[in-house]
1. With region 63-117 as the region, which strands (runs of 3 or more DSSP E) entirely inside it contain at least 1 residues that are open to solvent by 40 Å² or more (accessible area, probe 1.4 Å) and among the hydrophobic types (A, V, I, L, M, F, W, C)?
2. Pairs only if they're at least six apart or on different chains, beta carbon under 9 angstrom, first in region 248-266 and more than 25 Å from Thr214 (Cα to Cα), second in a loop (DSSP other than H, G, I, E, B); list them, first residue then second.
3. Mind counting the residues in region 275-293 that are of a type in the set (D, E, K, R) and either open to solvent by less than 20 Å² (accessible area, probe 1.4 Å) or modelled with pLDDT of 95 or more (or both)?
4. Could you run through region 176-205 and say how many residues are of a type in the set (S, T, N, Q), more than 20 Å from the chain's Cα centre (by Cα) and either within 28 Å of Gln159 (Cα to Cα) or not in a loop (DSSP other than H, G, I, E, B) (or both)?
5. Residue by residue through region 130-158, note down the ones that are among the polar types (S, T, N, Q), part of a strand (DSSP E or B) and either out of contact with any Ser or Thr (no Cβ under 7 Å at 6 or more places or on another chain) or more than 17 Å from Ala103 (Cα to Cα) (or both).
6. Quick check on region 163-172. Is at least one of its residues surrounded by fewer than 15 Cβ atoms within 10 Å (Cβ to Cβ) and outside any loop (DSSP other than H, G, I, E, B)?
7. Let me spell it out: the conditions are (1) exposed (fewer than 15 other Cβ atoms within 10 Å of the Cβ); (2) modelled with pLDDT of 95 or more, and Ser136 meets all of them except one. Which number is the exception?
8. Scanning for something outside any loop (DSSP other than H, G, I, E, B), among the charged types (D, E, K, R) and open to solvent by less than 40 Å² (accessible area, probe 1.4 Å), does region 215-225 turn up at least one residue?
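The values are calculated or read from the model by the stated rules, or taken from the named source; none is laboratory data. Fair warning: this is a prediction, and the values are worked out from it, not measured in the lab. No Cβ is skipped: glycine too gets one built from the backbone with ideal geometry, and neighbour counts run over all protein chains shown. Accessible surface areas use protein heavy atoms only, side chains included; no ligands, DNA or RNA. Shrake-Rupley method; radii C 1.70, N 1.55, O 1.52, S 1.80 Å.
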Amino acid sequence: MPVQFGDPYVLFTQGKYYMYGTGAGADKGFMAYSSPDLVSWKPEGQVYFHDNKNGWSDPNAKWGGAYWAPEVYEVKGKYFLFYSAQWKQNPTREEENFRIGVAVADKPTGPFIDLANKPIFDPGYPIIDANVFFDSNGKAYLYYSRCCYKHPVQSEVAQQARQNGWFTEIEESWVYGIELKPDFSGVLGQPVLLLRPPVSRRDRQADWESRSVTARDVNRRWTEGSVTFKKDNLYYLMYSANYFGGQYYAIGYATSNSPLGPYKKADNNPVLQKNTARGGSVTGTGHNSIAYSPDGKEMFCVYHARTNKTGNERVVFVDRMQVGKGKITIQGPTTTPQPLPSGAARAVQTN
């Protein structure tokens with residue numbers, strides 16, 4: 001049975017996988033699933049509720065309070081859930097008033113209680129899609145996406161859209177990074193802009209990152225759903241571009257020698273996109289996280305997508321990925337059964 005999550009995130013702890021995401025029937029909060037092998041998933045119920053004693057969000061705001069993109073990290077025996085939601089402090093009544101919060105629990109299945117009765121920080125604009133990277137020197141970094149909302153940007157693609165009468169302006173979302181305080185009570189320094197859509201149409205990334213605009217779906221270009229990891233002293237920052245509700249949602253990546261950049265986008269982007277042009281049934285591949293096999297030898301891209309069968313419902317896909325010499329490749333999207341992750345116990349068949 002496919003898991004109907006958007007924005008899936010997988011945590012491996014105590015020999016088991018836990019998956020968190022947007023939706024799946026959660027009531028103004030987040031659900032979790034568990035699995036021994038990344039294949040068969042068991043519902044664990046709702047693990048975060050907005051009305052915990054320190055809740056800071058507004059469940060009555062648009063999109064049901066916009067409880068989106070949860071990620072859970074194990075630190076010193078505790079579990080920290082980072083997520084985005086509508087902030088109830090909203091004097092100018094912004095439609096998109098998202099901020100990022102963090103909640104803590106003693107178990108991966110919660111209940112998670114917010115660390116404070118406010119978001120981690122307020123950059124002065126709406127932000128979503130928290131991802132935390134722990135570097136080998138002990139520092140932790142928060143990556144997030146500044147929303148497109150009220151953020152029109154001049155570019156050659158925006159000019160093209162105006163000239164052709166598609167849209168009067170193009171709003172953009174950009175990925176930023178900032179160092180976190182060790183106790184997650186706030187941030188250190190100022191946010192650093194890491195990724196944004198290309199300004200020039202000659203940029204090799206411009207074509208795939210602008211498809212929601214050039215297909216005239218929507219007047220926005222996104223850079224969101226980032227996830228950062230390090231391999232062989234190189235930092236990889238994966239991200240999603242285009243409209244999450246459309247067929248062109250796709251995944252790219254960039255690399256850097258430092259966690260806060262500068263990042264260079266990869267020549268082989270996008271590394272995951274719809275396969276309908278090749279006769280497949282999968283579209284809207286995006287907002288991924290990274291997981292490893294139980295023995296640590298294999299790497300997986302966990303993401304959501306839609307199929308002809310699921311319609312508008314987002315479901316979770318798990319596909320193998322390879323990383324080496326600065327290059328990422330993903331063996332997907334696949335809709336056929338795959339071998340179990342290496343090191344996973346073989347299921348005992350019963351008649």
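1. 68-75
2. Going by the 9 Å Cβ cut-off, the qualifying pairs are Thr255/Tyr263; Thr255/Ala266; Thr255/Gly326; Ser256/Pro262; Ser256/Tyr263; Asn257/Asn233; Pro259/Asp135; Pro259/Lys139.
3. So the answer is 0.
4. Going through region 176-205 one residue at a time, the tally reaches 2.
5. Ser145
6. There is at least one residue in region 163-172 that is surrounded by fewer than 15 Cβ atoms within 10 Å (Cβ to Cβ) and outside any loop (DSSP other than H, G, I, E, B).
7. The failed condition is (2).
8. Yes, region 215-225 contains a residue that is outside any loop (DSSP other than H, G, I, E, B), among the charged types (D, E, K, R) and open to solvent by less than 40 Å² (accessible area, probe 1.4 Å).
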